[in-house]
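See below for the structure under consideration.
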Amino acid sequence: MIEITLSAMRFHALVGILPHERTTPQPIDVDLRVDVAEGDGIVDYSALYAVVAAVFGSSHIDFLEEIGERVARDVLQHSARIRTARVAVRKPHVSLGGPLAFAEVVVVRRADD
């Protein structure tokens, strides 16, 4: 297996269920790690980035889990050589009543799931 990682991709998007989150874009960070079966050809990093970006371009998204699921699904469909997708989605501006660097959701999906 070959592992490819795209770290700290940042998108500004409408994410969340609170009223202001439906009207004010906020930064969302995404890490993508894929395990690729060895073989002929390459997996284009810019194509992987475009797959992630397309998820944010679709519409308002309620939950970080939904972003992770969509990215994992779309990345696995992108190339038959991608065997596993691990997506970490971070929201740095979360108000939970105390100090917090970010909230993070991690989704791991395999091609055979």
Fewest-first sequence of 17, 2, 61 by Cβ atoms within 10 Å of each Cβ: 17, 2, 61
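Figure the gain on full extension for residue 17 and residue 62 (residue separation times 0.36 nm, minus the Cα-Cα span) and round it to one decimal in nm.
My answer for the length gained is 15.7 nm.
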Proximal charge balance of residue 15 [Cβ under 10 Å; K/R count +1, D/E count -1]: -1
Segment residue 6-residue 49, length gained on full extension (0.36 nm per residue, minus Cα span): 14.7 nm
Approximate spin-label separation residue 33-residue 105, in nm, with each point projected 7 Å along Cα-to-Cβ: 2.0 nm
0 to 90° range, to nearest 10: angle between helix 45-58 axis and the chain longest Cα axis: 40 degrees
Two-decimal ratio, the chain, of alpha-carbon radius of gyration to 2.2 N^0.38 Å: 1.11
Percentage relative contact order, the chain, counting C-alpha pairs under 8 Å, at least six apart: 27 percent
Acute angle (nearest 10 degrees) that the helix 64-78 long axis makes with the longest principal axis of the chain, alpha-carbon atoms: 20 degrees
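Each value in this text was obtained by applying a stated rule to the coordinates, not by laboratory testing. What you see is a predicted model; the values in this text were computed from it and never measured. Neighbour counts are summed over all protein chains in view; Cβ atoms, including those assigned to glycine, are modelled from backbone coordinates with ideal geometry.
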